[in-house]
Amino acid sequence: MVVSVQHAARRCSAAHPDDPTPCTGPVAVTVLDASSAGADGCERHGARLLASLEGGRVYALPDAPAGAAIRVFKAADGIRPFCWVDGPRTDPSQLSRAENRARNNR
């Protein structure tokens, strides 16, 4: 009898346990919160983490691809906090920074 065991791929430390998405690319950035606690992550999870933080910052790791931090920063602007959570979003804290800017410019 052959037993097949499938192991989940290890994800970067910036990936939230409830976020079902896989990493994209190598660990490239460090995302820091307002108190300077941080996590290293791929660009996808770095952007998702940054989008979910107030006062967060992103820095490229020394061996990161050129432009990694700015790509994460720009992507986070359009991502809703905890974007993997379903449900209606009407409160400003539930919207992306870009959505809040658009609301305020009406």
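The values are calculated or read from the model by the stated rules, or taken from the named source; none is laboratory data. Keep in mind it's a predicted model, so treat the numbers as computed, not measured. Every residue, glycine as well, gets a Cβ built from its backbone with ideal geometry; the counts of neighbours run over all protein chains shown. All accessible areas refer to the heavy atoms of the entire protein, side chains included, with ligands and DNA or RNA removed. Shrake-Rupley method; radii C 1.70, N 1.55, O 1.52, S 1.80 Å.
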Among residues of segment 35-61 being in contact with a Ser or Thr (Cβ under 8 Å, 6 or more places away or on another chain) and part of a loop (DSSP other than H, G, I, E, B), the residue surrounded by the fewest Cβ atoms within 10 Å (Cβ to Cβ) is LEU61
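Conditions tested, residue by residue: (1) open to solvent by less than 80 Å² (accessible area, probe 1.4 Å); (2) in contact with a Cys (Cβ under 6 Å, 6 or more places away or on another chain); (3) charged (D, E, K, R); (4) not in a helix (DSSP H, G or I).
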residue: ARG10; (1), (2), (3), (4): no, no, yes, yes
residue: PRO17; (1), (2), (3), (4): no, no, no, yes
residue: THR24; (1), (2), (3), (4): yes, yes, no, yes
residue: VAL31; (1), (2), (3), (4): yes, no, no, yes
residue: ASP63; (1), (2), (3), (4): no, no, yes, yes
residue: THR90; (1), (2), (3), (4): no, no, no, yes
